[in-house]
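The values are calculated or read from the model by the stated rules, or taken from the named source; none is laboratory data. Only a predicted model underlies this, so the values are computations on that prediction, with no experimental measurement involved. Heads up, the Cβs are rebuilt from the backbone with ideal geometry, glycines too, and the neighbour counts pull from every protein chain shown. What goes into the accessible areas is simple: the full protein's heavy atoms, side chains included, and nothing from ligands, DNA or RNA. Shrake-Rupley method; radii C 1.70, N 1.55, O 1.52, S 1.80 Å.
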Amino acid sequence: MNDNDIKVAAELRMSLGESPLWSVERQTLYWVDINNGYIYSWRPNSGKAPERLELAEKVGCIALCEDGLLAATASGILRLRLPLGGEPERLVANAEWREGGGNRFNDGRCDAAGRLWVGTIAFDEQSPVAALYCFDQGELACRRTNVSISNGLAFSPDQRWLYHTDSLTRRILRYPFDVRSGTTGEPETWVDLAALDLPGVPDGAAVDSEGYYWIALYGGGSIVRFSPKGGLVASYALPCPHPTMVAFGGRDLRTLYITTATQHLDAEGKARWPLAGSLLSMPAPASGLPEPKFSRGASRATQCAK
Ligand code: BGC
Ligand code: CA
């Protein structure tokens with residue numbers, strides 16, 4: 001495979017395409033445009049254009065849950081029914097958000113036990129005032145502070161490692177992870193983009209069935225693949241500078257979908273990169289893994305006791 005295998009899956013001019021997510025059950029790809037509050041839904045084999053739902057606020061990421069999706073928006077975590085439409089149900093508030101500002105939710109993903117891990121992004125995309133949370137049994141517990149832009153969340157297939165990055169550090173950390181208890185050990189620097197001379201910042205990721213970690217290099221115009229030991233094994237140049245995240249999808253989970261952004265491009269940049277803001281795809285050398293569903297909502301009893 002080479003860079004020429006990269007195709008346009010859906011031609012769009014998204015501001016900040018993000019959080020691609022494949023539902024095996026529905027054979028549907030979902031993703032968001034964070035800045036416009038859109039959630040997209042598309043069945044690649046339907047021959048139809050993507051559909052979209054507009055939320056009243058920015059939406060950082062989505063995850064699967066029974067009968068629907070979770071959406072981590074600026075102000076909190078919502079549950080939406082599928083097919084998309086209808087009133088969302090608010091599950092929990094984002095304590096870092098305040099009307100007219102604050103830190104919104106950003107990248108997120110469920111672990112194999114069905115907890116949602118989700119981070120925030122600093123209001124100015126710079127100050128170390130954001131955090132990483134774990135949403136479990138109705139409780140949003142803070143798990144790491146002093147973050148500027150939380151990104152890159154993923155788990156090794158055996159669930160022994162949790163990957164995470166604070167994008168501006170240009171380092172990807174991995175934490176020893178216990179999926180039964182949801183606890184993490186001391187993190188170590190697993191990949192350092194500066195040491196590898198790779199351009200851009202680490203953004204959204206996905207792990208394939210061989211345990212290799214794929215990540216979009218925002219501002220670096222490429223997707224890179226790392227071995228479980230952290231060795232760079234492949235790099236794919238893209239026809240735009242700001243890829244944001246990757247997801248495996250398609251019938252056999254062998255298509256890599258890539259979301260991209262137009263934000264941070266001026267008029268000249270947009271003219272130079274006509275595919276920026278589109279959903280891209282390429283055949284993957286390994287298959288992906290089905291995304292776990294969120295399954296740790298507050299029990300009825302807990303809700304009644306409040
Ligand atoms: C954020 C963007 C940011 C990008 C690169 C994304 O996850 O949502 O706002 O520009 O990461 O750091
Ligand atoms: Ca991201």
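Put simply, the C-alpha atoms of region 59-149 give a gyration tensor, and the ellipsoid matching it has half-axes of 22, 15, 10 Å, longest first. Per residue, the accessible area of the chain comes to 43 Å² when a 1.4 Å probe rolls over the protein heavy atoms. Along its principal axes, region 119-268 has C-alpha extents of 48, 39, 32 angstrom, given from the largest down.
At an R0 of 35 angstrom, the distance between the Cβ atoms of Thr189 and Ser287 translates into a FRET efficiency of 0.80.
Taking 0.36 nm per residue of separation and subtracting the Cα-Cα distance, what length does fully extending Gln263 through Glu125 add?
That pair, Gln263 and Glu125, stretches by 48.4 nm at full extension.
Size descriptors for region 11-94, from the alpha-carbon set: Rg then Dmax equal 12.0, 38 Å.
Extent of region 137-226 along its three principal axes (Cα atoms, max minus min coordinate, largest first): 38, 32, 22 Å.
Over all directions, the projected convex hull of the C-alpha atoms in region 1-154 averages 10.4 nm² in area. For the chain, the relative contact order comes to 19 percent (Cα pairs under 8 Å, sequence separation of at least 6). For region 282-291, 3J(HN,Hα) computed residue by residue from phi via the Karplus equation (6.51, -1.76, 1.60; θ = phi - 60°) reads 7, x, 9, x, 9, 7, x, 10, x, 6 Hz, glycine and proline entered as x. Its residue count N fixes a reference of 2.2 N^0.38 Å for the chain, and the Cα radius of gyration divided by that reference is 0.92.
I'd like to know which of Ser235, Trp161, Val92 lies farthest towards the positive end of the charge dipole of the chain, counting +1 on Cβ of Lys and Arg and -1 on Cβ of Asp and Glu. Value computed over the given set: Val92. Placing unit charges on each Cβ (+1 for Lys and Arg, -1 for Asp and Glu) gives the chain a dipole about its Cα centre, and among Gly108, Gly200, Ala216 the Cα reaching farthest toward its positive end belongs to Gly108.
Taking the square roots of five times each eigenvalue of the Cα gyration tensor of region 79-207, the equivalent ellipsoid has semi-axes of 24, 20, 14 Å, listed largest first.
For region 197-258, a Kirkwood hydrodynamic radius built from all Cα pairs, placed in the Stokes-Einstein relation at 10 °C and 1.306 mPa s, yields a translational diffusion coefficient of 137 µm²/s.
Evaluating 6.51 cos²θ - 1.76 cosθ + 1.60 at θ = phi - 60° for every residue in region 101-108, the Karplus couplings come out as x, x, 9, 8, 5, 10, 4, x Hz, glycine and proline recorded as x.
Karplus-based coupling profile of region 156-171, in residue order and whole Hz: 5, x, 8, 6, 8, 10, 10, 9, 7, 9, 9, 3, 5, 6, 6, 10, with θ = phi - 60° in 6.51 cos²θ - 1.76 cosθ + 1.60 and x standing for Gly or Pro. Computed over region 209-306, the alpha-carbon pair-distance distribution with 10 angstrom bins reads 14, 36, 24, 14, 9, 2, each value a whole percent.
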